[in-house]
1. Just round it to a whole percent: the fraction of Cα-Cα distances in the range 1-60 exceeding 16 Å.
2. When you take every Cα atom in the range 94-148, what is the radius of gyration, and what is Dmax, the widest Cα pair distance, in Å?
3. What number comes out for the charge environment of LYS23, summing +1 per Lys or Arg and -1 per Asp or Glu over other residues with Cβ under 12 Å away?
4. Cross-chain or 8 or more residues apart, Cα under 22 Å: how many lysine pairs in the chain fit that? Count them up, please.
5. What do the square roots of 5 times the Cα gyration tensor eigenvalues come to for the range 66-207, in whole Å, largest first, as semi-axes of the equivalent ellipsoid?
6. Per the Kirkwood treatment, what hydrodynamic radius in Å, one decimal, follows for the range 138-207 from the mean inverse distance over all distinct Cα pairs?
7. Excluding ASP109 itself, calculate the net charge of residues whose Cβ lies under 13 Å from the Cβ of ASP109, where each Lys or Arg counts +1 and each Asp or Glu counts -1.
8. Test of understanding: ordering GLU94, GLU141 by Cβ neighbours within 10 Å, fewest first, what list do you get?
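Bear in mind that the values in this text are calculations on the coordinates, not laboratory data. Here the structure is a predicted model, which means the values were calculated and not measured. Neighbour counts run over all protein chains shown; Cβ positions are idealised from the backbone, glycine included.
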Amino acid sequence: MTVDERFEHLIASRDDEFESQRKVYFADRESVAYLAERVDDPDPVTAFVARELHVWATGNSPEIGDLDGFLVSGVSERKQELERTAAGWQPARELSRYLALRNNRQLNDYLLLRLLMTPKSSPTWMYGGALSYFANHPVGEPAVWIRKALEFKDDAVFDHLANLSLRLTDKPATLRALSLERARCARLKQPFPPQLEALRKELLGRH
């Protein structure tokens with residue numbers, strides 16, 4: 001398999017297959033070096049995945065380990081305390097709080113990568129925490145956020161993006177992302193959510 005084929009195979013994988021392939025991929029220097037060549041890919045989601053995998057593989061972000069630790073055990077640190085309150089313990093809220101306290105772009109992007117590449121093995125509260133956080137903070141990669149929502153296929157999520165999170169992002173970047181994802185859906189003969197189409201038309205009118 002060529003280095004390009006190994007990369008394409010990796011980014012097409014999901015969940016357990018992705019994790020097993022990723023470990024093999026990261027162990028190969030040529031493959032890791034190739035990631036840097038794909039950070040300018042015409043598809044913004046492919047470029048994002050290549051960039052974030054390169055950061056992960058080269059150990060250039062200690063925040064990744066911190067977030068992994070939080071997702072495994074840190075999210076439960078306040079469980080006993082919060083279960084005695086009226087609001088109770090909600091892991092999605094704890095994740096949103098964790099992200100807000102740090103306000104770190106690398107953390108946000110790594111979480112997006114995890115949600116995109118491990119959709120079934122990531123607990124639902126992880127996505128809920130991301131939705132809650134990005135309701136109040138701009139997502140740095142609107143194309144990735146939209147692609148993830150399209151794969152999740154939930155009207156409530158489409159409403160959230162159209163009415164909340166995508167209204168906080170850079171408008172030209174969001175319009176480009178919406179137009180690219182709309183065109184991709186057309187190529188794949190998949191419906192494009194009316195909520196996102198309405199936002200795209202609104203942004204076109206403002207552009």
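1. Details: 621 of 1770 pairs.
Result for the distance tail: 35 percent.
2. Every Cα atom of the range 94-148 included, Rg and Dmax give 10.2, 27 Å.
3. On the way: positive: ARG22; negative: ASP16, GLU17, GLU19, ASP28.
For residues surrounding LYS23, the net value is -3.
4. Eligible lysine pairs with Cα atoms under 22 Å apart amount to 10.
5. Values: eigenvalues 176, 45, 38 Å².
The answer is 30, 15, 14 Å, longest axis first.
6. Numbers: mean 1/r = 0.0849 Å⁻¹.
When all Cα pairs of the range 138-207 are included, the Kirkwood radius is 11.8 Å.
7. Values: positive: ARG51, ARG102, ARG105, ARG114, LYS148; negative: GLU52, GLU63, GLU141.
Result for the neighbourhood of ASP109: +2.
8. Working: GLU94 20, GLU141 24.
With the fewest neighbours first, GLU94, GLU141 line up as GLU94, GLU141.
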